[in-house]
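Q: Sending over a structure as C-alpha cells; questions will come in a sec.
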Amino acid sequence: MDFENTDRRPDTVYSKRLRAGRRRTYFFDVRKTKGDDYYVTLTESTRRFDGNGFERHKIFLYKEDFNRFLADLEEAINYVKTELMPDYDYDEFTRRQEEWEAQQAALAESGEQQVQEPQPSEPESADEHGGDDGQEGEEPPIQSEDDMTW
C-alpha cells in the first residue's frame, strides 16, 4: 500500500506473520522512514479474554541495535532451553502444525472438505495490526487460554 507524503504512517516494505496458537500472533514488519532508513517493528497481538478485539504490544528495533538485540535474544532463549527447561519438547507445536497441514493436503487430494484451522481472525496487513485502538469485530468465545491445538 502506498502512502502519501502527508500520511503519518511509514511505508511497510516487508511483513511476516507468525501465528502462535489460538490467541496470539506475532508480526515482524520492516518499515521505511521518510529519510530512506529502515527499522523493524515487532508486534504481539493477543485476543482479549472477553472476546472484544485484541491487545497489542510493540517494539521498535532500529538498525544500530539489530546485532546486539539478536545476540541477546538468542542468549536468553538458549538459557531457557538449556538451563531452565532442557527436557521440554520445543518442536512439539511445529510437528502438530505440520501434521495438520499434511491432513489438509490429503483431504484436498481426496476431494473432501477441509477443516478450517482454528485460528483467531487477525488483520492481514501490517497497518491494521499496528493500531492501538483495539476496536476490531467481536471474536468467538475462547475455549481455553492455554489451548494450543491447531
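Q: Among the residues of the stretch 80-90, are any under 22 Å from Arg17 (Cβ atoms), surrounded by 10 or more Cβ atoms within 10 Å (Cβ to Cβ) and at pLDDT 85 or above? So that I can check it myself, show each step before the final result.
A: Initially, the stretch 80-90 is screened for residues under 22 Å from Arg17 (Cβ atoms), giving 90.
Now restrict to residues that are surrounded by 10 or more Cβ atoms within 10 Å (Cβ to Cβ): 90.
Those left that are additionally at pLDDT 85 or above: 90.
Within the stretch 80-90, one or more residues are under 22 Å from Arg17 (Cβ atoms), surrounded by 10 or more Cβ atoms within 10 Å (Cβ to Cβ) and at pLDDT 85 or above.
Q: Ok, one more. Scan the stretch 23-55 for residues that are under 11 Å from the mean Cα position of the chain (by Cα), assigned to a strand (DSSP E or B) and in contact (Cβ under 8 Å) with a residue 24 or more places away in the chain and jot them down. Can you show your working first?
A: Just the residues of the stretch 23-55 that are under 11 Å from the mean Cα position of the chain (by Cα), to begin with: 23-29, 42-46.
Retained after the next criterion (residues that are assigned to a strand (DSSP E or B)): 24-29, 42-46.
Listed by number, the residues that qualify are Thr25, Phe27, Asp29, Thr43, Ser45.
Q: Looking at the stretch 37-52, which of its residues are farther than 18 Å from Arg17 by Cα and either touching a strand residue (DSSP E or B) at 6+ places or on another chain (Cβ under 7 Å) or surrounded by 13 or more Cβ atoms within 10 Å (Cβ to Cβ) (or both)?
A: Taking the stretch 37-52 first, the residues farther than 18 Å from Arg17 by Cα are 37-38, 48-52.
Listed by number, the residues that qualify are Tyr38, Arg48, Gly51, Asn52.
Q: So how many residues does the stretch 19-38 have that are under 17 Å from Gly53 (Cβ atoms) and of a type in the set (D, E, K, R)?
A: The qualifying residues number 3.
Q: Among the residues of the stretch 4-19, which ones are out of contact with any strand residue (DSSP E or B) (no Cβ under 6 Å at 6 or more places or on another chain) and either surrounded by 12 or more Cβ atoms within 10 Å (Cβ to Cβ) or modelled with pLDDT of 90 or more (or both)? Break it down stepwise before answering.
A: Within the stretch 4-19, the subset out of contact with any strand residue (DSSP E or B) (no Cβ under 6 Å at 6 or more places or on another chain) is 4-9.
Across the stretch 4-19, the qualifying residue is only Arg9.
The values are calculated or read from the model by the stated rules, or taken from the named source; none is laboratory data. Keep in mind that this is a model prediction, so the values were computed, not measured. Note: ideal-geometry Cβ built from the backbone for every residue, glycine included; neighbour counts use all protein chains shown.
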